[in-house]
Structure formats: C-alpha cells, structure tokens
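A.B. asks: Would you mind keeping the following structure in view while I ask a few things?
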Amino acid sequence: MKRWFPVGLAVLAVGLALYPLQATGYGVRVMLQLFMWVALAQSWNLISGLTGYVSFGHVVFFGTGAYASSILIVTLGWTWPLACLGGGVVAAGLAFLIGWPCLRLKGPYFAIATLGLNEVMRVVVSYYEGLTGGGNGLSLPTLHASVEIYYAMGLVAAAVTAVTYVIVTSRFGLRLMTIREDEVAAEAMGIDTLRYKLYAFLLSAAAPGIVGGLSARDQGYIEPLSVFPLIMTITMIVMALFGGKGTIWGPVLGAAALFAFQEVVWARFIYLHQLLFGAIIVGVVLLMPRGILGVLQQKYNLPRTI
C-alpha cells in the first residue's frame with residue numbers, strides 16, 4: 001500500500017489539474033464545490049477530530065472570511081487572491097478572540113458557546129449595514145474566474161490535508177490526541193492543554209476563512225443567511241464522521257462520498273434529499289461510529305492515523 005499510494009495521489013493530482021481543460025462549466029463548478037467541502041470537513045477535523053472539542057459553529061469562520069474578503073475587495077480594491085488570504089487571517093483572529101476563553105470550557109459547554117457565536121456574528125453583520133450591506137447583502141464586481149478559483153480551492157483543500165498529515169504524524173498531534181482521550185491525564189503529564197487546543201483552533205479556522213472568501217468571490221454576492229447557515233456546520237460534521245474523524249483521509253473520503261450522494265439524490269429526489277441525508281446521519285452514528293476508515297482499519301489492519 002505504501003508503494004502505490006503516493007503514485008495514486010500523483011495521478012489523481014495530475015488528473016484534477018488537467019480536468020478544467022476539457023470539462024464543462026458545470027463540471028468545474030461541481031468539483032470546486034467538492035474541494036470546498038473537503039477543506040471544510042478537514043478543518044473541522046483539526047479541532048474536533050483531534051482534540052475532541054466539538055465545534056457546532058465552525059461555519060462562523062466561513063462567513064467571517066467571506067465578509068472580510070468581500071469588504072477588502074469592494075472597499076479597498078484588493079485583488080481576490082490577496083483578499084481571500086486576508087479573510088483567512090481575519091477568521092484566525094476571530095478564533096483567537098473566542099478560543100482563549102471558550103477553550104477553557106469542558107464537555108458540551110464549548111459546543112454550545114460556538115453554536116451561539118454563529119448567531120451573534122450573523123446579527124452583527126446584519127446590524128452594520130453601512131459596511132456589510134446588512135440584510136440586503138453585498139455585491140462584488142463581476143468576475144469570470146471560475147477556473148482560477150477552482151485551482152485556488154483545490155490548493156486549499158490539499159494544503160489543509162497536508163497540514164493534517166503533518167500534525168497527526170508529529171508530537172503536536174500526539175499531544176492533541178492525548179487531550180482527546182483524557183485531558184486531565186494530559187495536564188498531569190505537563191501538557192499545556194489550553195495552548196495546544198488554541199493552536200489547533202487557529203489552524204482549523206484559517207482554512208474556512210479562505211474558503212469563504214473564494215466562495216464569495218465565485219458567487220459574486222453574499223448575505224448573512226447564505227454564509228452563516230447552521231446546516232453547513234452540520235454537513236462538515238457528518239462528512240468527517242462518515243469518513244472517520246481524527247484521521248488524515250477520513251474527512252476527504254467522507255466529503256467525496258456524501259457530496260456525490262447529495263448530487264445524485266438532489267437530481268432524482270428533490271423533496272426527499274434532506275430525509276435521506278438525515279437517515280445517513282443516524283446510520284453512521286449507530287452502525288459506524290468510527291466511520292468508513294474505522295471499518296476498513298478494523299477489517300484490513302490499517303494504521304489508525306491513515
């Protein structure tokens with residue numbers, strides 16, 4: 001497996017790089033959305049999969065990045081690649097402000113705090129109408145750059161996966177997983193749990209901020225309800241759980257499988273897709289608590305961190 005896996009990854013990367021050259025506009029947009037979900041599921045995995053601190057408001061970083069980058073483009077005239085990176089920086093800054101106090105909370109209190117933060121940010125964005133457009137939203141200058149954004153989104157998804165690999169195979173990742181298994185024991189061993197949790201939280205917030213900026217630039221229009229939807233966080237969580245949280249490739253596998261399922265079901269069962277998606281959630285929780293990779297690891301004795 002170790003011999004053919006890098007070769008398979010290289011072939012896949014070349015195929016994805018050449019894909020826009022012969023794909024339709026719809027095909028490019030579908031793959032762009034897939035890259036977005038891979039990056040989002042993987043970013044949620046960085047904090048919740050590795051530390052056990054479940055974030056129910058991770059979409060707040062997506063929305064913050066979308067608004068920050070859009071304001072930089074509309075107000076200051078920044079180019080979209082630079083503005084999207086700025087959105088990631090702003091999202092990481094927000095993660096620091098909320099992570100410092102909230103990561104001291106234990107159990108479900110952190111999850112509740114992040115859930116409430118999403119609603120707070122949506123209200124704040126709606127209130128500052130002069131800067132954000134309020135409920136009317138914010139329109140960006142017309143730009144036909146779907147292929148360029150496709151490559152940018154793909155690079156973000158690859159970068160987040162690479163960061164996950166580096167973390168999981170490092171001492172930093174080992175300390176995060178020690179916190180996940182038993183935080184009290186980790187503190188007794190001398191691990192500064194708050195500091196390590198905060199580092200993971202900052203890393204997990206930067207990618208959604210960049211992705212939010214890319215999505216806003218691609219769509220050309222944003223408003224509070226479209227960039228702060230709770231369903232987006234739920235989808236991130238389900239994708240990571242379905243593939244296998246706390247692993248390197250689980251969120252990628254989960255995002256690809258569930259995104260493909262959503263596309264097929266949406267096309268054929270317009271009024272039943274949410275019901276079927278909910279059934280998948282229940283099935284994963286009851287039958288595959290460790291996700292697809294967990295089942296494969298148990299059956300084929302694969303490394304637990306793959």
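A.B. asks: Sort Tyr67, Tyr127 by accessible area with a 1.4 Å probe, largest first. Don't skip to the answer; put the middle values down first.
C.D. replies: Working: Tyr67 10, Tyr127 170 Å².
The ordering from most to least exposed comes out as Tyr127, Tyr67.
A.B. asks: HN-Hα J couplings of segment 248-259 from phi, Karplus 6.51/-1.76/1.60, θ = phi - 60°, integer Hz, Gly and Pro as x?
C.D. replies: Along segment 248-259, the couplings run 7, 9, x, x, 5, 5, x, 5, 5, 5, 6, 5 Hz.
A.B. asks: In addition: Largest first, how would Trp4, Trp37 line up by accessible area (1.4 Å probe)?
C.D. replies: Numbers: Trp4 155, Trp37 30 Å².
Largest accessible area first, the residues go Trp4, Trp37.
A.B. asks: Turning to a different aspect of this structure: Percent of accessible area on the chain owned by carbon and sulfur, 1.4 Å probe?
C.D. replies: Details: 10630 of 15170 Å².
Carbon and sulfur atoms account for 70 percent of the accessible area of the chain.
A.B. asks: Pop out the ³J(HN,Hα) list for segment 185-199 in order, Karplus 6.51 cos²θ - 1.76 cosθ + 1.60 with θ = phi - 60°, rounded to Hz; leave Gly and Pro as x.
C.D. replies: Coupling constants for segment 185-199: 5, 4, 5, 5, 7, x, 7, 7, 4, 4, 5, 5, 5, 5, 4 Hz.
A.B. asks: Where is the GNM fluctuation largest for the chain (alpha-carbon springs, 10 angstrom cutoff): Leu230, Leu176, Leu105?
C.D. replies: Leu105
A.B. asks: OK, next. In nm, to one decimal, how far is the modelled label at Phe96 from the one at Leu225, with both set 7 Å along Cα→Cβ?
C.D. replies: So the label points at Phe96 and Leu225 sit 3.5 nm apart.
A.B. asks: So, one more: First check a/c for segment 130-197, with a ≥ b ≥ c the square roots of the eigenvalues of its C-alpha gyration tensor; if it is under 1.5, answer rounded, and if not, answer prolate when a/b is larger than b/c or oblate otherwise.
C.D. replies: It comes out oblate by the Cα gyration axes.
A.B. asks: Would you tell me the accessible area of Arg175, worked out with a 1.4 angstrom probe on the heavy atoms of the protein chains, in Å² to the nearest 10?
C.D. replies: 80
A.B. asks: Still on this structure, I have one more. Among (1) 0.99; (2) 1.61; (3) 1.12, which is the computed Cα Rg over 2.2 N^0.38 Å?
C.D. replies: (1)
A.B. asks: Counting helices only, and only those DSSP H runs with n ≥ 4, report the 222 nm mean residue ellipticity of the chain as the sum of -39,500 (n - 2.57) divided by its residues, in deg cm²/dmol to the nearest 500.
C.D. replies: -24500 deg cm²/dmol
A.B. asks: Where only protein heavy atoms count, and the probe is 1.4 Å, what is the accessible area per residue for the chain in Å²?
C.D. replies: On the way: 15170 Å² over 306 residues.
Spelled out: the 1.4 Å probe surface of the chain, per residue, equals 50 Å².
A.B. asks: Given the options Ile73, Ile149, Ile280, state which has the largest fluctuation in a GNM of the chain using a 10 Å cut-off (strictly under) for Cα springs.
C.D. replies: Its mean-square fluctuation being the largest, the pick is Ile280.
A.B. asks: I've got another one for you. What FRET efficiency do you get for Met288 and Val166 if R0 is 25 Å and r is their Cβ-Cβ distance, rounded to the nearest 0.05? Show your work: numbers first, answer last.
C.D. replies: Values: r = 27 Å, r/R0 = 1.08.
My answer for the efficiency is 0.40.
A.B. asks: Roughly how many Å² of Glu263 are accessible to a 1.4 Å probe, to the nearest 10?
C.D. replies: Accessible area of Glu263: about 70 Å².
A.B. asks: If we sort 8-21, 43-56, 76-89 on the protection proxy, mean other Cβ atoms within 10 Å, highest first, what's the order? Could the numbers behind the result be given before it?
C.D. replies: Numbers: 8-21: 11.6, 43-56: 26.2, 76-89: 18.8.
Result, highest mean first: 43-56, 76-89, 8-21.
A.B. asks: With all protein chains present and a 1.4 Å probe, how do His58, His144 order by accessible area, largest first?
C.D. replies: So the residues, ranked largest to smallest area, are His144, His58.
The values are calculated or read from the model by the stated rules, or taken from the named source; none is laboratory data. Worth saying up front: this structure is predicted, and the values here are computed from it rather than measured. Ideal geometry is used to build each Cβ from the backbone, glycine not excepted, and the neighbour counts take in all protein chains shown. Protein only, heavy atoms only, side chains kept; ligands, DNA and RNA dropped before computing areas. Shrake-Rupley method; radii C 1.70, N 1.55, O 1.52, S 1.80 Å.
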